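Asker: Sharing a structure with you now.
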Amino acid sequence: MVLEGLLVLAAASMTVPPPALPALPPMALIDECTKSEPERSVPACTQIIDAMPEGQPLWISALFFRGLARQKLGDHMAAIADFSAVLAADPGRLSALAGRADSYLGAGRFDEAIADLDALITAEPTVASRYINRGIAFSEKNRHERAIADFDKAIELDRDEPRAYENRATALRKLGRFAQAASDLDIAIGLDDGYAGSFFERGICHTATRQYDLAIADFDRAIALDPGDAMAYRERAVAHELTGKLDLALADFDRAIELDPNDATAFDNRGALHGRRRHFDLAIADFDRAIALDPDYAEAFSNRGNALLLQRQYSKAIEDFDRAIALDPDLAPALSNRGHALVLAGEPARGLVDLDKAVALDRKNAITLTDRSRALFALGRVQDALDDADEAVLIEPAYAPAYVSRGNAYRGQGKPARAIRDFEVAIALLPDDAEAHVMKGAALADLDRHDAAIASYGEAIRLTPADPTAYYNRALEHMATGNAAAAVEDFSAVLTLDPGDWEARLQRGNAFFRLGDLARGDADFAAAGDIATDKTAMLNARGYFNLWNNRADEAIADFETAVSLAPEDSAFAHSLGEGYFRAGRTEDAHRQWRKACDLASPDERLAWQGSLEKKGFYRGKADGSCGKAMIDAFAACTKADCNF
């Protein structure tokens with residue numbers, strides 16, 4: 001019976017064979033998965049994963065190595081899926097947790113990265129790399145102080161780890177603590193002088209502290225270590241531009257874009273350089289490309305607006321500034337540029353509102369202070385304009401427009417010689433700045449140095465032949481020297497560039513009269529009346545031109561029409577008085593001048609008295625009254641062809 005039972009058991013065991021072990025993949029395939037380049041590793045690991053049952057040790061290992069390979073290829077989401085599968089099968093596998101944390105960082109999913117790194121630090125509190133990676137995640141979330149605490153801990157654990165110093169330097173730089181950042185980078189480079197990133201970061205710090213030669217040297221070293229680093233070329237270009245080496249800057253921007261044609265910042269920066277060189281078509285093309293790559297790139301809208309602003313396309317420029325500010329309400333350059341555009345468009349009060357906000361956001365910005373100086377000057381606040389320009393020069397002594405603004409303020413204070421010194425500094429700093437040449441010409445004209453003024457305007461025209469301002473001003477100087485024929489040429493150039501400029505049309509008509517060409521003079525005067533946007537101002541100006549050309553009846557007709565259109569305007573009433581006086585209608589002139597006095601504010605009357613006193617015509621008290629002394633002064637001034 002016992003034997004029979006044993007036979008039965010043996011038979012039973014023979015009918016249910018033990019489970020077969022899976023066939024192991026060839027060792028060559030395993031090596032391909034674990035040791036090859038990532039492009040070869042992924043398919044090899046996938047073959048193993050497909051062949052092995054889930055949960056087997058080799059299946060888990062193949063998933064892990066495939067995750068590493070995908071991570072190296074930049075496919076972070078696929079890598080995260082692989083590491084997560086490993087952790088589902090083996091929750092305690094810290095290497096997979098670390099790999100997933102790295103891919104979360106690479107994918108920009110910083111909260112998940114921090115959660116994984118928290119778990120790793122809990123499990124292994126003395127591994128410096130965990131704190132470094134968590135610090136990077138915090139820094140990317142703009143929690144820089146928190147990041148610095150992690151980098152401090154990493155350095156405490158391993159004082160010879162250059163990545164800890166380098167990443168702490170990045171966080172310090174983002175907080176504006178450039179000297180501390182540079183000190184950390186010195187240590188990082190001392191520990192490892194073969195890492196391009198440390199030289200790149202230190203170059204950024206040197207640029208921020210205006211140590212441009214040191215910055216360029218660091219970017220040179222970064223590029224030597226990593227010739228394919230587009231950002232190093234881009235930032236070296238910025239440093240070259242800030243030292244005035246525009247050709248070198250352009251070459252570096254070109255190379256940066258060649259290496260990374262999807263870098264919106266490189267296109268934006270190159271566009272700004274093209275704009276600085278007044279190559280506006282190239283500039284706008286670059287800004288368009290930057291915006292196409294990043295439709296929310298506020299700085300690119302602001303810079304494109306600036307290029308349009310420099311071409312006097314004020315409404316389009318303001319539209320771009322509006323878009324930039326909508327994207328970033330605290331973008332000081334956009335506020336500053338919109339303010340400047342509003343000033344140039346004839347709305348200095350609105351412009352000043354933007355410029356005050358921009359200065360409040362960045363008190364030490366020389367560009368913003370310079371723009372506000374211009375707004376203040378346009379509003380007649382000359383001393384405030386001078387104060388802003390002074391501060392801009394102190395902040396950035398090499399910023400040419402600040403000297404132009406300060407020169408304008410000195411001109412506004414009646415100090416043309418002092419203004420010329422500033423305009424000449426601006427020209428020395430930026431010889432191609434046409435505005436500086438124009439303003440120098442204006443200051444020379446104030447001093448009656450007409451030939452020198454003509455030469456200065458000529459240089460401005462050479463630099464910007466499409467800008468009518470220099471032609472207009474040079475034409476006035478030709479008139480001052482009696483060269484009406486040259487004036488006609490320049491006023492004609494203005495009208496070619498801007499056919500709607502009624503003032504240039506009037507001025508050319510006056511020049512034709514001086515040349516004895518009455519028909520063409522009358523034609524220009526009539527055309528000015530047709531196109532003028534400010535009819536009263538045109539009539540007043542045309543009235544004076546008629547007076548100066550001994551056409552008193554025509555002048556009186558213009559002045560009377562101006563007065564009828566603006567009966568409460570003291571200046572037009574005074575002009576009509578001049579017309580009557582020159583026509584020999586003395587009583588009408590006196591009556592009209594008394595009316596002008598009555599219409600004028602006390603401040604206006606005081607200003608008239610002061611101006612007429614300086615010219616030797618007013619001999620009464622400076623009390624703002626409208627007595628006989630004032631009327632006599634008006635008459636004497638009119639006889640002398642003075643302009644007060």
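The values are calculated or read from the model by the stated rules, or taken from the named source; none is laboratory data. Only a predicted model underlies this, so the values are computations on that prediction, with no experimental measurement involved. Methodologically, a virtual Cβ is constructed for each residue, glycine included, from the backbone with ideal geometry; neighbour enumeration extends over all protein chains shown. Quick note on the areas: whole protein, heavy atoms, side chains included, nothing else; ligands and nucleic acids left out. Shrake-Rupley method; radii C 1.70, N 1.55, O 1.52, S 1.80 Å.
Asker: Among the listed residues ALA562, ALA555, ALA528, ALA523, which satisfies the condition of being open to solvent by 30 Å² or more (accessible area, probe 1.4 Å), of a type in the set (Gly, Ala, Ser) and part of a helix (DSSP H, G or I)?
Answerer: The unique qualifying residue is ALA523.
Asker: Determine the pairs where a residue that is in contact (Cβ under 8 Å) with a residue 24 or more places away in the chain and of a type outside the set (Gly, Ala, Ser), located within the stretch 615-644, has a partner that is part of a helix (DSSP H, G or I) and surrounded by fewer than 17 Cβ atoms within 10 Å (Cβ to Cβ) with Cβ atoms under 6 Å apart, the partner being 6 or more residues away or on another chain.
Answerer: PHE617/ALA636; PHE644/SER611
Asker: Something else now. Take ALA171 and decide whether it is free of Cβ contacts under 8 Å to residues at least 60 places away in the same chain, farther than 28 Å from LYS364 by Cα and open to solvent by less than 20 Å² (accessible area, probe 1.4 Å).
Answerer: no
Asker: Just to verify a result, which residue in the stretch 461-493, among those that are among the small types (Gly, Ala, Ser) and closer than 15 Å to GLY509 by Cβ, is most open to solvent (accessible area, probe 1.4 Å)?
Answerer: Going through the qualifying residues, I end up with ALA485.
Asker: If ALA300 satisfies all but one of (1) part of a helix (DSSP H, G or I); (2) surrounded by fewer than 24 Cβ atoms within 10 Å (Cβ to Cβ), what's the number of the condition it fails?
Answerer: Here ALA300 clears every test but (2).
Asker: Run down ASP330, ASP296, ASP371 and say which single residue is within 24 Å of ASP467 (Cα to Cα), of a type outside the set (Gly, Ala, Ser) and without any contact (Cβ under 8 Å) to a residue 40 or more places away in the chain.
Answerer: The unique qualifying residue is ASP371.
Asker: While we're on this one: When the stretch 153-164 is examined, which residues are found to be open to solvent by 20 Å² or more (accessible area, probe 1.4 Å) and in contact with a helix residue (DSSP H, G or I) (Cβ under 7 Å, 6 or more places away or on another chain)?
Answerer: Listed by number, the residues that qualify are LYS153, LEU157, ASP158, ASP160, GLU161, PRO162, ARG163.
Asker: Can you tell me how many residues in the stretch 610-644 are surrounded by fewer than 15 Cβ atoms within 10 Å (Cβ to Cβ), assigned to a loop (DSSP other than H, G, I, E, B) and small (Gly, Ala, Ser)?
Answerer: The number of residues fulfilling the criteria is 4.
Asker: Among the residues of the stretch 432-449, is there at least one that is under 23 Å from ARG210 (Cβ atoms), at pLDDT below 95 and buried (at least 17 other Cβ atoms within 10 Å of the Cβ)?
Answerer: yes
Asker: For residues that are in a helix (DSSP H, G or I) and either open to solvent by 80 Å² or more (accessible area, probe 1.4 Å) or not β-branched (Val, Ile, Thr) (or both), tally how many sit in the stretch 531-552.
Answerer: Count: 14.
Asker: Condition first: within 17 Å of ASN365 (Cα to Cα) and either open to solvent by less than 10 Å² (accessible area, probe 1.4 Å) or among the small types (Gly, Ala, Ser) (or both). Now tell me which residues in the stretch 389-431 satisfy that.
Answerer: Within the stretch 389-431, ALA389, ALA392, ALA398, ALA400, ALA402, VAL404, SER405 meet the criteria.
Asker: Give me the residue from the stretch 317-334 that is assigned to a helix (DSSP H, G or I) and modelled with pLDDT under 95 and, out of that set, most open to solvent (accessible area, probe 1.4 Å).
Answerer: Restricting to residues being assigned to a helix (DSSP H, G or I) and modelled with pLDDT under 95, the top hit is PRO333.
Asker: Which one of these is open to solvent by 50 Å² or more (accessible area, probe 1.4 Å) and within 16 Å of the chain's Cα centre (by Cα): LEU344, LEU379, LEU310?
Answerer: LEU310
Asker: Just to be sure I understand the filter: pairs with C-beta atoms under 6 Å, separated by 6 or more residues or on different chains, first member in the stretch 403-432 and touching a residue at least 60 places away in the same chain (Cβ under 8 Å), second member assigned to a helix (DSSP H, G or I) and surrounded by fewer than 20 Cβ atoms within 10 Å (Cβ to Cβ). Which pairs pass?
Answerer: Once the first residue is touching a residue at least 60 places away in the same chain (Cβ under 8 Å) and sits in the stretch 403-432, its partners that are assigned to a helix (DSSP H, G or I) and surrounded by fewer than 20 Cβ atoms within 10 Å (Cβ to Cβ) give ASP432/LEU463.
Asker: Pick from the stretch 15-41 the residues that are in a loop (DSSP other than H, G, I, E, B), over 14 Å from ALA62 (Cβ atoms) and modelled with pLDDT under 90: which of them is most open to solvent (accessible area, probe 1.4 Å)?
Answerer: The selected residue is LEU21.
Asker: Follow-up. Looking at ALA98, ALA119, ALA89, ALA137 in this structure, which one is surrounded by 22 or more Cβ atoms within 10 Å (Cβ to Cβ), touching a residue at least 12 places away in the same chain (Cβ under 8 Å) and either of a type outside the set (Val, Ile, Thr) or in contact with a strand residue (DSSP E or B) (Cβ under 8 Å, 6 or more places away or on another chain) (or both)?
Answerer: When all the criteria are applied, what remains is ALA137.
Asker: Between residues in the stretch 211-239 that are hydroxyl-bearing (Ser, Thr, Tyr) and residues that are crowded, with 22+ Cβ neighbours inside 10 Å, which pairs lie under 6 Å by C-beta distance while being six or more apart or on different chains?
Answerer: From residues that are hydroxyl-bearing (Ser, Thr, Tyr), the pairs are TYR212/ALA239; TYR233/ASP252; TYR233/ALA256.
Asker: Right, SER373: out of contact with any Leu (no Cβ under 8 Å at 6 or more places or on another chain), hydroxyl-bearing (Ser, Thr, Tyr) and open to solvent by less than 10 Å² (accessible area, probe 1.4 Å) or not?
Answerer: no
Asker: Would you confirm, using the coordinates I've provided, whether ILE284 is among the β-branched types (Val, Ile, Thr), modelled with pLDDT of 95 or more and within 14 Å of SER336 (Cα to Cα)?
Answerer: So ILE284 does not fit the description; no.
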